[in-house]
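J.: This is the structure I have questions about; it appears just below.
The values are calculated or read from the model by the stated rules, or taken from the named source; none is laboratory data. Everything numeric here is computed off the predicted structure, so don't read it as measured data. Ideal geometry is used to build each Cβ from the backbone, glycine not excepted, and the neighbour counts take in all protein chains shown.
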Amino acid sequence: MNKFNFLKSVTTIVVATTALLAISSAQAELKGWNIHVPDYPVSVGMDKFTSLMEASTGIKAKTFHNGVLGSQPDAIKQVQLGGLDFAVFSLGPMGPIVPATNVVSLPFIFKNMDHMHRVMDGSFGDKLSAAMEEKGLVGLAWYDSGARSFYNSKKPITEVADMKGLKFRVMGNPIFVEMVEALGGNATPMAFSEVFQSLKTGVIDGAENNWPSYESTSHFEVAGFYSLSQHLIIPECLCMSKITWDKLSDDEKVAVKAAARESSVLQREEWAKRALKSRKIVEAGGIKFNEIADKSAFQDAMSVVYEKAVAKSPFLQEYIDAIQSVD
Ligand code: BDP
């Protein structure tokens with residue numbers, strides 16, 4: 001090969017490689033799943049994550065808000081398979097796929113939000129991340145989701161007996177069915193997107209959620225009794241498909257984690273603000289709100305839920321003890 005031909009082939013290879021790279025990066029816009037409306041704290045956090053990630057790595061990503069990419073249980077599977085690249089999931093419906101995460105779905109497991117932060121931001125959070133990673137979900141950061149309380153269209157819940165005969169929608173995890181049944185109510189697992197219509201048409205009497213979701217979904221317009229049971233404090237996870245994660249270089253992995261952590265700081269600030277704002281909106285909208293002066297009967301009724309969870313996955317006892325030993 002003469003010098004001219006050699007240079008020509010090198011140029012061809014360089015041009016071809018550049019084109020290939022350009023194609024792969026053009027195709028490589030990562031796809032993110034989110035169940036919430038665009039101004040929800042989770043959504044604001046995810047948008048921050050993608051813009052920080054793009055700024056530090058050049059990786060482009062887009063989050064599809066409003067649950068347009070399907071329900072949460074389906075999306076978890078899609079992230080496992082790499083059809084979706086990242087998402088924010090409640091750990092509630094994660095339990096059937098990653099049993100270790102069931103520990104945070106146990107009612108009243110956390111004393112309050114600060115306790116949940118101390119647990120999740122410490123080595124226990126890393127333990128749950130490791131369990132998720134074994135199932136193809138790489139945990140990048142923990143997001144807030146407040147405390148969930150019962151609401152319904154019939155009457156205030158002031159004591160356990162008030163739950164009797166009411167039909168509540170729960171997230172897809174047998175623990176939540178057992179929780180409502182242990183309190184004397186009926187439970188129906190249902191997709192988040194179907195709850196409004198089901199409340200409106202009376203297919204269900206109530207559901208349970210935090211202030212921001214109760215407000216952003218307009219459930220408060222069709223189920224106006226909100227009773228502050230605060231029975232579940234479930235963290236959410238910003239996670240990436242292991243398939244996508246494994247394609248990143250080591251430097252990119254560090255930058256992506258840093259972007260996720262930084263987004264979670266913003267998400268938690270936004271959460272605190274939105275919880276207050278949402279509460280004001282629903283109260284101005286005419287809901288009837290009540291505190292539950294003594295929650296001990298609700299807590300006592302949960303022992304059967306804990307027993308069943310441990311019977312199914314004996315290792316959960318150690319996890320429960322670990323959480324309860326964090327001050
Ligand atoms: C919201 C969570 C979301 C859940 C939803 C639900 O942020 O991840 O899907 O509750 O009740 O608070 O399904």
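J.: If you scan segment 232-254, which residues turn out to be assigned to a helix (DSSP H, G or I) and exposed (fewer than 15 other Cβ atoms within 10 Å of the Cβ)?
T.: Asp250, Asp251, Val254
J.: Looking only at segment 295-319, which residues are in contact (Cβ under 8 Å) with a residue 40 or more places away in the chain and surrounded by fewer than 17 Cβ atoms within 10 Å (Cβ to Cβ)?
T.: Within segment 295-319, Lys295, Ala297, Gln299, Val304, Lys308, Lys312, Ser313, Phe315 qualify.
Here's the yes/no breakdown for (1) in a helix (DSSP H, G or I); (2) acidic (Asp, Glu):
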position	(1), (2)
Thr101	yes, no
Phe108	no, no
Asp114	yes, yes
Phe124	yes, no
Leu140	no, no
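J.: Say whether the condition of being within 16 Å of the ligand (Cβ to nearest atom), modelled with pLDDT of 95 or more and under 22 Å from Gly172 (Cα atoms) is met by at least one residue in segment 45-61.
T.: No, the conditions are met nowhere in segment 45-61.
J.: Also, quick follow-up: Looking at Val282, Val265, can you tell me which residue is over 24 Å from Met94 (Cβ atoms) and in a helix (DSSP H, G or I)?
T.: Answer to the check: Val282.
J.: More than 15 Å from the ligand (Cβ to nearest atom) and in contact (Cβ under 8 Å) with a residue 60 or more places away in the chain - does that describe any residue in segment 198-221?
T.: Yes: one or more hits.
J.: Any idea how many residues of segment 176-186 are more than 23 Å from Asn34 (Cα to Cα), in contact with a Leu (Cβ under 9 Å, 6 or more places away or on another chain) and not small (Gly, Ala, Ser)?
T.: Of the residues in segment 176-186, 3 are more than 23 Å from Asn34 (Cα to Cα), in contact with a Leu (Cβ under 9 Å, 6 or more places away or on another chain) and not small (Gly, Ala, Ser).
J.: While we're here: Restricted to segment 129-139, and to residues that are aliphatic (A, V, I, L, M) and either at positive phi or within 16 Å of the ligand (Cβ to nearest atom) (or both), which residue is surrounded by the fewest Cβ atoms within 10 Å (Cβ to Cβ)?
T.: Here the residue is Met132.
J.: Right, next: Among the listed residues Glu215, Glu159, Glu221, identify the single one that is more than 24 Å from Ile97 (Cβ to Cβ), of a type in the set (D, E, K, R) and buried (at least 23 other Cβ atoms within 10 Å of the Cβ). Full working, then the answer.
T.: Values: Glu159 fails: buried (at least 23 other Cβ atoms within 10 Å of the Cβ); Glu221 fails: buried (at least 23 other Cβ atoms within 10 Å of the Cβ).
Only one candidate passes the filter, namely Glu215.
J.: When you go through Val222, Val195 one by one, which is the residue that is under 22 Å from Val88 (Cβ atoms), β-branched (Val, Ile, Thr) and in contact with a Lys or Arg (Cβ under 7 Å, 6 or more places away or on another chain)?
T.: Working: Val222 fails: under 22 Å from Val88 (Cβ atoms).
The conditions single out Val195.
J.: Could you list all residues from segment 149-171 that are farther than 14 Å from Lys295 by Cβ and in contact with an Asp or Glu (Cβ under 6 Å, 6 or more places away or on another chain)?
T.: Listed by number, the residues that qualify are Asn152, Ser153, Lys154, Leu166, Lys167.
J.: Let me ask something additional. Test Gly165 against the criterion of being away from the ligand (no atom under 16 Å from the Cβ) and on the phi > 0 side of the Ramachandran plot, and give yes or no.
T.: Considered against the rule, which asks whether it is away from the ligand (no atom under 16 Å from the Cβ) and on the phi > 0 side of the Ramachandran plot, Gly165 comes out as yes.
J.: Hey, another quick one. Please enumerate the residues belonging to segment 66-99 that are touching a residue at least 40 places away in the same chain (Cβ under 8 Å), within 13 Å of the ligand (Cβ to nearest atom) and part of a helix (DSSP H, G or I).
T.: Within segment 66-99, Gln72, Pro73, Ala75, Ile76, Gly92, Pro93, Met94 meet the criteria.
J.: State yes or no: is Lys154 away from the ligand (no atom under 12 Å from the Cβ), among the basic types (Lys, Arg) and in contact (Cβ under 8 Å) with a residue 40 or more places away in the chain?
T.: yes
J.: Now for a different question. Kindly check whether there is at least one residue in segment 258-280 that is surrounded by fewer than 21 Cβ atoms within 10 Å (Cβ to Cβ), more than 19 Å from Val37 (Cα to Cα) and free of Cβ contacts under 8 Å to residues at least 24 places away in the same chain.
T.: Yes; the residues of segment 258-280 include at least one that is surrounded by fewer than 21 Cβ atoms within 10 Å (Cβ to Cβ), more than 19 Å from Val37 (Cα to Cα) and free of Cβ contacts under 8 Å to residues at least 24 places away in the same chain.
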